[in-house]
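Undergrad: Below: one structure in structure tokens.
The values are calculated or read from the model by the stated rules, or taken from the named source; none is laboratory data. Because the structure is a prediction, the values reported are computed rather than measured. Positions of Cβ are generated from backbone atoms using ideal geometry, with glycine treated the same way; all protein chains shown enter the neighbour counts.
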Amino acid sequence: MQVSRLLGREPLPWVAELYETAFEVDAFGLLWYREIVVVIPRQSGKSTLVIPWGVHRMTTWGERQFMLYTAQTRGAAKQKLVDEQFYLINQSPFRRLLIPNRQGRILPNLSHGEERLEWVNGSKWLIDAPTETAAHGLTLGLGVGDEFFAHQDARVEAAMSPTMITVHDSQKLWLSTVGKSKKKSPFMWSKVEAGRARVEVAEAMRATGVDDSRTLYIEYSFPEDADPLDPVTWWENLPALGYTITQDGIAAQLDSLGLVEFLRAFGNLWGDDRGKEWKIPADDWYAVEDPESEMSETLVWVVDVSPEQAFASISVAAHRPDGLVHVEVVESWPGTHWVIDGDPTRGGGDDQLSCRGIATLVAHHGGTVYYDHTTTGALVPLMVEAGIEPIPIAVQDIKVSAAALVMAVKNKTVRHLGQHELTDALAAAATRVFGDGWGWARGKSMADITALMSATLAFWMLSKTLPELNYDPNATMRETATSDEFQEHAQ
């Protein structure tokens, strides 16, 4: 902790507790814990945990040490090295322990492939990409895997571990917020599963005082049954709250990120767990997320309004150059006053980036506008007055649209941007059955779902223009139910 203070950072209480535990020693004076796994919410002080840890390793051992820092990518690790790690060290007394360059300046070596900080005692603070060649040729005393949710497998650990065998008090430090999906972050999930199991064993063995594990596991996450919107939940589970972050700041993050991403970033809740009851399974939904998705032609717009007119959304569907369908929520705001002409007081400030109405969108991009008469019919005269000729969506199309979107997601013929408005609406959406079909249920859903409704209807109305997608998802069931063979068995 003294190193942290010399760096100008008083350790947060949770960090101080971690230091005290992680640096416990055995009977031979060697570090007891060889692996430390920390699952921590965003903005909880990971950087101010890693930097003192690394400086301590670089400067206080009796012989030179090698440390390897990895992040999601080599570029991310390099940015951390320059913007955070070197910056903080350079402002502290430890600056004098770094080797200057040929011009006598204290700077990190940024030669591509050899980015590092070099110390006067021969120690080296290096970075690398999270690959199977990380740490090749080194003898590591400390290996740090930051944001290791991005690791697809154990290749980094497999690369690090052999380099640490001869360093008897070496440590591996894994830190991260959880990923969106256990399947997309299998290495991290394996660490979480093992860590949770180890904690249970330790609790069971507490009475006997026997716990010989060399792995320290720490996790801060919201309990599954806790109310994520209740500030009490935040105060109980966010270790930096009240120190470096405020309750108002967390509330702003919730508003900015949306509930689904907020639960991952600050609640450390896996999307797989939250998405088990989604009508479109979370794994399938995330599999068709493409933040770089772009439209090419044939735009279809849908304006949707909640029954009480408290919320409205505008979505667009369009072809992509590769033949798939792009679906996007363009605007989603409280009220309906903005739907036609927009509201420049909302959004980004620049009129092109602020809350745009359907009249502006069609004027700039063209396309056909559709609407559900039951909920949005009251706005039709205003759309006509603005020069738009909206087309009502037939009841039968509304009835099949949700099932069509589910099928398209499962078949991976649609792409979305990963917008929290759409994912939050999917997470909140309930369903209703009518006849031999089903659809999204506005009144039964836990939150506004106009984003999902408008996107679903936009997808279906565009799909009707594509021969290969122009199908009725319930037709097979109807044909089967009325066939002679089925009737015979039914009797």
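Undergrad: Kindly indicate whether any position in region 252-264 is hydrophobic (A, V, I, L, M, F, W, C) and either closer than 15 Å to residue 414 by Cβ or part of a loop (DSSP other than H, G, I, E, B) (or both).
TA: no
Undergrad: Need the failing condition index for residue 141 against (1) within 16 Å of residue 22 (Cβ to Cβ); (2) in contact with an Asp or Glu (Cβ under 6 Å, 6 or more places away or on another chain), just the number.
TA: (2)
One line per residue, one yes/no per condition, for (1) assigned by TED's automatic domain parsing to the domain that holds residue 451; (2) hydroxyl-bearing (Ser, Thr, Tyr):
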{"position": "260", "(1), (2)": "no, no"}
{"position": "266", "(1), (2)": "no, no"}
{"position": "306", "(1), (2)": "yes, yes"}
{"position": "323", "(1), (2)": "yes, no"}
{"position": "335", "(1), (2)": "yes, no"}
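Undergrad: Sticking with this structure for a sec: Considering (1) part of a loop (DSSP other than H, G, I, E, B); (2) surrounded by 19 or more Cβ atoms within 10 Å (Cβ to Cβ); (3) in contact with a helix residue (DSSP H, G or I) (Cβ under 6 Å, 6 or more places away or on another chain), say which one residue 340 fails and leave the rest.
TA: Result: residue 340 passes all but (2).
Undergrad: Another question, if that's okay. Restricting attention to region 118-150, and to residues there that are without any contact (Cβ under 8 Å) to a residue 40 or more places away in the chain and not β-branched (Val, Ile, Thr), which single residue is surrounded by the most Cβ atoms within 10 Å (Cβ to Cβ)?
TA: Taking the candidates together, the pick is 149.
Undergrad: With at pLDDT below 90, in a helix (DSSP H, G or I), among the β-branched types (Val, Ile, Thr) and more than 18 Å from residue 316 (Cα to Cα) as the only criterion, which of 480, 431 stands out?
TA: Just one listed residue meets the conditions, 480.
Undergrad: Output the qualifying pairs, or none if there are none: Cβ atoms under 6 angstrom, residues six or more apart or on different chains, first residue in region 159-176 and closer than 13 Å to residue 68 by Cβ and of a type in the set (Lys, Arg), second residue surrounded by fewer than 18 Cβ atoms within 10 Å (Cβ to Cβ) and at pLDDT 90 or above.
TA: none
Undergrad: If you don't mind, another one. Is it fair to say residue 125 is of a type outside the set (Val, Ile, Thr), assigned by TED's automatic domain parsing to the domain that holds residue 171 and assigned to a strand (DSSP E or B)? Steps first, answer last, please.
TA: Working: of a type outside the set (Val, Ile, Thr): yes; assigned by TED's automatic domain parsing to the domain that holds residue 171: yes; assigned to a strand (DSSP E or B): yes.
It is true that residue 125 is of a type outside the set (Val, Ile, Thr), assigned by TED's automatic domain parsing to the domain that holds residue 171 and assigned to a strand (DSSP E or B).
Undergrad: Related question: Kindly list the number of the only condition in (1) over 23 Å from residue 424 (Cα atoms); (2) free of Cβ contacts under 8 Å to residues at least 12 places away in the same chain; (3) not hydroxyl-bearing (Ser, Thr, Tyr) that fails for residue 292.
TA: Status for residue 292: all satisfied but (1).
Undergrad: Quickly run through region 377-411 and pick out the residues that are over 16 Å from residue 462 (Cα atoms) and either under 33 Å from the mean Cα position of the chain (by Cα) or in a loop (DSSP other than H, G, I, E, B) (or both).
TA: 386, 387, 388, 389, 410, 411, listed by residue number.
Undergrad: Still on this structure, I have one more. Given the criteria part of a loop (DSSP other than H, G, I, E, B) and closer than 27 Å to residue 372 by Cα, does residue 308 qualify? Before you say what the answer is, go through the steps one by one.
TA: Numbers: part of a loop (DSSP other than H, G, I, E, B): yes; closer than 27 Å to residue 372 by Cα: yes.
Criteria met by residue 308.
Undergrad: Only one of 52, 13 is buried (at least 22 other Cβ atoms within 10 Å of the Cβ) and of a type outside the set (Val, Ile, Thr). Can you tell me which?
TA: Going through 52, 13 in turn, just one is buried (at least 22 other Cβ atoms within 10 Å of the Cβ) and of a type outside the set (Val, Ile, Thr): 52.
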